[in-house]
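Accompanying notes for the structure given below.
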Amino acid sequence: MAAARSFPALAVLNRVILWAIFLTLAVICVYPMIWLFLNAFKTTNDMFAATWGLPKVWHWENFSTAWNYGISRYLLNSLVVTTATVVIELSLATMAAYALVVLNFRAKAAIYTLILGGAILPPEVSLIPLFRVMAETGLYNTYFALILPNVAFGLPFTTFLIRAYMTGIPGELREAALMDGAGEARIFREVYLPLCRPILASAGLISAMRVWNEFIFALTFVESESVKTVTIGVMSFAVALRADWGVLMAGLALSILPILATFLVMQRQFVGGLTSGAVK
Amino acid sequence: MKHLLAMTALATGILASLPGLAQDKTVVSFLHKFPEPENMAYFDAAVAEFEAANPAIDIVMESVADEPYKDKIRVLMASDQVPDIYFSWSGEFGRKFAREGRTLDLTEALAGPEWQGRFAAASLEPFQFEGKQFGIPVNVDSKYMIYNKAIFEKHGLAVPTTFADFIALNDALLAAGEVPIAYGNQSPWAATHYIGDLFAKMVPDDVRQADYQLLAPADQLYTHPGYVEALALYKSFGDKGYFNNGANAISHQQARGAFIAGRSAMVYLELVEFYMLADTPVAEQGWGFFPLPPMEGAAGRNDLLTGAPDGFLISAKTEHPQEALAFLNFITSPEQAAKYVSTTGMTSAVIGSVTEETTTPETLAGLKALEDAAGMALWLDTDMDTASANVILAAGQGLLSGDETPEAVMEKVRAAAKETLAQR
Amino acid sequence: MPDRSDHTQATWRQSLQGWLWVAPALLFLVVFVYGPALTNIRFSMFSFSAMSLDWDFVGLDNYLRLWNDPKFTTALTNNAIYAAISVTCQVGVALVLAAVLEARVFPNFSANLFRTALFLPSILPVVVVGLVWQLLLTPTTGLIDQILWETGLANWSKAWLGEPDTAIFAVIFVSQWQWTGYIMALFMVAIRAVPRDLYEAMEIDGASGVQQFWHITVPGVRETILIVTIITILGSLKVFDIVWVMTAGGPNHSSEVLGTMMYRAAFRDDMIGYSSTIATVIFFIALTIGLVQIKLQKDR
C-alpha cells in the first residue's frame, strides 16, 4: 500500500481500524450463542433480573430437564432424517453426475439443466401439493415425509458439486478400465467413487447441514413427538415451557450442540465444499 | 461403511412408518394442546390408568402447543388424518368443524346416564350447533385483571367497581410512575381478550351474537357504533400508556413474567394461569383479581364474563366411537377431574371437581365468580368467523402501533364478514 | 470444464444407458419439485379450505383477489427490500471483508479465527436464531435495548420487532447476521484463485489496496459475484423460516413476505386455493430470475 509506505502512522491507524472492525463483527456473531449458553444455567427469575451477567449459581440440572423433556427424541429424529437423506441424495447425485460427465446420451444438456433448475424453485412452492401427496399416500407424519422431499431439493446443488469435481478426474482411468473389460457400473464403483471421497464428504456435510436445519417441511409434514425433528421440536418446546426460561435456553443449547461440534471439528470440509462449487 | 449407514437409515425409516405393529388392540388417536410438563404428567397418568382398566384399547396421544395447534389441526383436516379425539375451543372454532360435518354428533350419547350431572349448561352450550351437541367440555376458563396488592396499597388504590374507576386507577398508577398493565401482544390473541370484553359491554348482546354468527342481513353486519367505540377505547389504553412499551414485541409470557417480578401493577390473565403465580415474588407481595368492571350506560351486557369452555371433539369418521366416548367419559369422571385440577391447576368443567382440596383459594374464588356470572362472552378469536377474526387479530396490533383506525378496522371486518357469508 | 464423453450424437441405444443413470435423480425432481409446482397452478384456480372437502372452480379469481390485496403489495415490497439489503450486505460487504482477510492484513491464526467466528451463525437452525434474537431485541429488558440505554443512545431504543416500521428491518438484520459470514467464506476462496502476481504487479506500480481491490479482485471474482447475487435474490424471494419464527408476518402484517402470506393463507385463513396462487406467483418470479441468470451466464 503506497500510502502506507509514505505515512507509517496511517498504516498503523489502518490496521487498528481493521482490527476493531473485525473484532466487533466477530463478537456480534459469536456473542448471542454465548449468551444462550450462559442463560441456560440460570433460573427464570435470574434471567429476568440480570440477562447479561454470568449466572450466580450454575444450574446444570436445566440441561437434564430439557433432555428428558424430549430433546433426546428430537435429536434422534433429526439424525435419522439427515442421515437417510444424505445417503440417498449422495447416491443419486453421484450416479447422475457420473453419467453427465462420462457417458454420452441424447438431451444431456437439457437433462442437466433440468436437474440444476430444481435449485431455482423455492421449496414452499411445493408445499401444498406435496402435502396432499403425503396425505394420500399415507406418508404424512413419517420419516419419509421429510426424507424424500429433502433429497429432491438437495439434488441440484449436490449433483452440481459432484459433477464439477468429477470433470477433474482424468478420462484415461476409465478408458484403461474399459479396455480391461469392466462395465460402467464397476468403473463407477471402483474408480470414480473412491476418488470422489473428498467431494462426497463436503457435499454430504453441506447437505446434512441444510437438512438438519430444514424448517418448512418439518413444520408441515410431521406432527408426532416421535417423528419431529429438532428444529420444530424446539419450537413447540419453547411454547410449552412458557414458564421456565432457563430450561428452554438449555434445550436450545442442547439442540445446537451437535452441529456446533461437527462444525468446529470439520470446518475445512464445510468451507472447502461450499466454495469448490462457487469457484468453478 | 456407507452401505451400513444406508441400510440402518432406511430400516429405521421403514420401521418408523409402519403402523403400530398390529396387536388385537383398538387404537384410538388423541390430540390435545397441553404439552406443558404439568399437563403431560396428568394426561400420561390418565392414559395409563385407562389402558390398564381397558386392555383392549390403546390410546395414542399427541400434543401441540396453543399457537401452532391452530395450524396443525387444519393441516390434519386437509390431509384427512383427523385424530379420533381432538381438542377444540368452543364457539365458532368448534362450530366450523361441526358445520363441515367433521364431528360426531354426541347429543344422544350425552343423554345417557353415565354423563348426567357432569357439566353445567353454560359449559355445554358453546359446543352446540343447530341444537346438537358436537363436543364435550373439559376446561372452563375466564379472564381477570390480576393486581399486585403491595403496589395498590403503596399508592392507596382500591379495586375499581366501575369502568370509570378503572380508568382513573390507571391514570393514578401512571402518575405515580408505575407501569399500570403488563401486556404482551406478540401473539395477537392477547388483544382479542380485551377487545372481546369491550365488544360484549358496548354492543347489545343480540346484535353481537347475530354479527358473530353471520345471522344478520349482509348490509347490517357489524354496523353498530359500539364496535368502533370499543376499538377506540382499547386504542386509548395504548395511547395513554396504560400498557407497557412495545407490547407488540413482547410475548404474553414475558408480560406475565414482568408482573410476577413485580414490575407492573396489573396483568390480564386467564383463570388457568392463576397457579403460575404461586411461590413467586408477587405472591409474597400479595395479589388479587377482579373482572373488567361494569361500564355505566353501556349498550351491551355488563354481567358477562369473558371466558369460554374448551374441550374435545370426536371425529365423524372415527372407527371407534364407543372407545373414544369411553375415554372421554373416563377423563371427565369426578375422580379424574379432581386429579386433573390438583395436578395441573386448570379449572375442569366437571361439576364438583374444583374444591378447596384440589386447588388454591384464588382459583376457587375465580371459578366461583365465573359460576356466579350470568354467562360467558367467548374468546373473540374463536367465536367470530375466521376472516373477521383475522382482521381483529391484526387490528389489535395495528391499533397500538397507530397503523390502523377503529373505523378502518370495522370497514375491513364488514367486508370480510360479507365475503364469508356469501360463501356459506 | 472438460467433458469426458464422446461428442458425437449418441444413438438411442447408447442413450438408454445414460438415461438409466440419471433416471432416479430426475424422478425425484419431477415428483417432488416440478410436479408440485405445476399442480399449484391447477390448485390456484379453485377455492377450497382445509375443512371442506369440496372445491369450487373460480378460474382466475384468486389472481384478481391477490392483485387487489394490500397485503400482497406489502409482501412484495418487503421481499424487494429484503433482496436489496441482502445483496448490498452479502455481496458488497462480504466481498470487502473477504478481500481484507485474504490480503494477509492479519496473521493467519487471527484470520482463521475471524472467518470461523463470522461463519458460525450460518450453521444455526432458524428457530434458535429467531428465538435468541427475539429475546435480545425485547424492548427494555433485551440486550440491545440495555446497550442503547447504557451508551446514552436511549432515543434510538424501539420495540424493533413490535413496530410496523422496523419489524421487517429487524428480521432482515438478523438474516444478514446469519449469512454474511457464509458468503464471505465463499468469496475468500474465490479470491484465493486470483493469481498473486496480478496484485504484485499493481503494487509495484504504486497502487493502493483499494485500487487493487477494484481493478483486480472484483473483476477476478466476477463469476462468483454473479452467482452469489442470484442466490441471494432467490433466497430473498423464498424467505419464510426466519420471518415466521420472529414475527409471523406481524405486527399487523407489516413484515409479511410472500412465503409467510402463502403459509398463512393455507393454514390459518383456510384458503388453500389462494395459497396456491401465491405459490404460483413465487414460482414465476423465481423462474424469471433463473432465466435471467442463465442468459447472463451464456453471454459471458
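The values are calculated or read from the model by the stated rules, or taken from the named source; none is laboratory data. Source: prediction; values computed, not measured. Here Cβ is always computed from backbone atoms with ideal geometry, including for glycine, and neighbour counts include all displayed protein chains. SASA here: full protein model, heavy atoms, side chains in, ligands and nucleic acids out. Shrake-Rupley method; radii C 1.70, N 1.55, O 1.52, S 1.80 Å.
So here's what we get for this one:
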| read-out | value |
| --- | --- |
| Boolean, A:Leu248 is within 11 Å of chain B (Cβ to nearest Cβ), in a helix (DSSP H, G or I), surrounded by 24 or more Cβ atoms within 10 Å (Cβ to Cβ) and over 22 Å from the mean Cα position of the chain (by Cα) | yes |
| Count of segment C:18-43 residues which are under 25 Å from the mean Cα position of the chain (by Cα) and under 18 Å from C:Ala265 (Cβ atoms) | 5 |
| Looking only at segment A:142-159, and only at residues there that are of a type in the set (S, T, N, Q) and more than 7 Å from every other protein chain (Cβ to nearest Cβ), the one that is nearest to A:Met95 (Cα to Cα) | A:Thr158 |
| Segment B:261-284 - residue that is in contact with a Pro (Cβ under 9 Å, 6 or more places away or on another chain) and surrounded by fewer than 24 Cβ atoms within 10 Å (Cβ to Cβ) and, of those, farthest from the other protein chains (Cβ to nearest Cβ) | B:Gly262 |
| Residue among B:Arg424, B:Arg414 that is modelled with pLDDT under 90, open to solvent by 30 Å² or more (accessible area, probe 1.4 Å) and farther than 23 Å from B:Arg118 by Cβ | B:Arg424 |
| Checklist (1) open to solvent by 20 Å² or more (accessible area, probe 1.4 Å); (2) within 14 Å of chain B (Cβ to nearest Cβ); (3) in contact with a Ser or Thr (Cβ under 8 Å, 6 or more places away or on another chain); (4) among the hydrophobic types (A, V, I, L, M, F, W, C) applied to C:Phe169, failing item | (3) |
| Which listed residue is modelled with pLDDT of 85 or more, open to solvent by less than 20 Å² (accessible area, probe 1.4 Å) and charged (D, E, K, R), from B:Arg102, B:Arg74 | B:Arg102 |
| Residue check for B:Asp141: open to solvent by less than 30 Å² (accessible area, probe 1.4 Å), acidic (Asp, Glu) and under 30 Å from A:Val133 (Cβ atoms) | no |
| Residue identified as in contact with a helix residue (DSSP H, G or I) (Cβ under 6 Å, 6 or more places away or on another chain), at pLDDT 80 or above, more than 30 Å from C:Asp61 (Cα to Cα) and among the polar types (S, T, N, Q) among C:Thr232, C:Thr247, C:Thr280 | C:Thr232 |
| Residue within segment A:131-140 that is at pLDDT below 85, open to solvent by less than 50 Å² (accessible area, probe 1.4 Å), farther than 26 Å from C:Ile227 by Cα and facing chain C (nearest Cβ under 9 Å) present | yes |
| Among the residues listed as A:Arg210, A:Arg186, the single one being surrounded by fewer than 21 Cβ atoms within 10 Å (Cβ to Cβ) and more than 28 Å from A:Glu124 (Cα to Cα) | A:Arg186 |
| Checklist (1) small (Gly, Ala, Ser); (2) open to solvent by 10 Å² or more (accessible area, probe 1.4 Å); (3) in contact (Cβ under 8 Å) with a residue 60 or more places away in the chain; (4) part of a loop (DSSP other than H, G, I, E, B) applied to C:Ala117, failing item | (4) |
| Count of residues meeting criterion [over 17 Å from B:Asn54 (Cβ atoms) and either touching a residue at least 40 places away in the same chain (Cβ under 8 Å) or assigned to a loop (DSSP other than H, G, I, E, B) (or both)] in segment B:282-333 | 33 |
| Failed item, numbered, when A:Thr275 is tested on (1) under 30 Å from A:Lys42 (Cα atoms); (2) facing chain C (nearest Cβ under 8 Å); (3) at pLDDT below 85; (4) under 19 Å from the mean Cα position of the chain (by Cα) | (1) |
| Failed criterion for A:Ala9 (all others in (1) over 30 Å from B:Pro35 (Cα atoms); (2) modelled with pLDDT of 80 or more; (3) assigned to a helix (DSSP H, G or I); (4) among the hydrophobic types (A, V, I, L, M, F, W, C) hold) | (2) |
| Selected residue (criterion: nearest to A:Val12 (Cα to Cα)) from residues of segment C:92-114 that are in contact (Cβ under 8 Å) with a residue 24 or more places away in the chain and surrounded by fewer than 22 Cβ atoms within 10 Å (Cβ to Cβ) | C:Ala103 |
| Those helices (runs of 4 or more DSSP H) lying entirely in segment C:205-299 with at least 2 residues within 15 Å of the chain's Cα centre (by Cα) and not polar (S, T, N, Q) | C:222-238, C:241-246, C:258-267, C:272-298 |
| Matching option when the condition is over 18 Å from B:Ala265 (Cβ atoms), open to solvent by 20 Å² or more (accessible area, probe 1.4 Å) and either without any contact (Cβ under 8 Å) to a residue 40 or more places away in the chain or in contact with a strand residue (DSSP E or B) (Cβ under 8 Å, 6 or more places away or on another chain) (or both), among B:Ala218, B:Ala210, B:Ala172 | B:Ala210 |
| B:Asp381 being in contact with a His (Cβ under 9 Å, 6 or more places away or on another chain) and in contact (Cβ under 8 Å) with a residue 12 or more places away in the chain | yes |
| Residue within segment A:119-130 that is more than 8 Å from chain C (Cβ to nearest Cβ), open to solvent by less than 10 Å² (accessible area, probe 1.4 Å) and part of a helix (DSSP H, G or I) present | no |
| Selection count where residues are farther than 30 Å from A:Lys108 by Cα and not hydroxyl-bearing (Ser, Thr, Tyr), scope segment A:62-97 | 14 |
| Subset of segment B:48-59 [open to solvent by less than 60 Å² (accessible area, probe 1.4 Å) and either touching a residue at least 40 places away in the same chain (Cβ under 8 Å) or within 14 Å of B:Lys339 (Cβ to Cβ) (or both)] | B:Ala48, B:Phe50, B:Asn54, B:Ile57, B:Ile59 |
| Criterion violated by C:Met271 - all others in (1) crowded, with 24+ Cβ neighbours inside 10 Å; (2) over 30 Å from C:Met188 (Cβ atoms) satisfied | (1) |
| Hey, A:Tyr98 farther than 30 Å from C:Trp244 by Cα, at the interface with another protein chain (Cβ under 7 Å from one of its Cβ atoms) and of a type outside the set (A, V, I, L, M, F, W, C) or not | yes |
| Subset of segment C:61-113 [farther than 24 Å from C:Met188 by Cβ, over 26 Å from the mean Cα position of the chain (by Cα) and of a type in the set (S, T, N, Q)] | C:Asn62, C:Asn68 |
| Single unsatisfied condition, A:Pro156 versus (1) outside any helix (DSSP H, G or I); (2) touching a Gly at 6+ places or on another chain (Cβ under 7 Å) | (1) |
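Residue-wise test of (1) surrounded by fewer than 18 Cβ atoms within 10 Å (Cβ to Cβ); (2) under 30 Å from B:Asp80 (Cα atoms); (3) modelled with pLDDT of 90 or more; (4) within 22 Å of the chain's Cα centre (by Cα).
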position: B:Ser236; (1), (2), (3), (4): yes, no, yes, no
position: B:Leu292; (1), (2), (3), (4): no, no, yes, yes
position: B:Glu323; (1), (2), (3), (4): no, yes, yes, no
position: B:Phe327; (1), (2), (3), (4): no, yes, yes, no
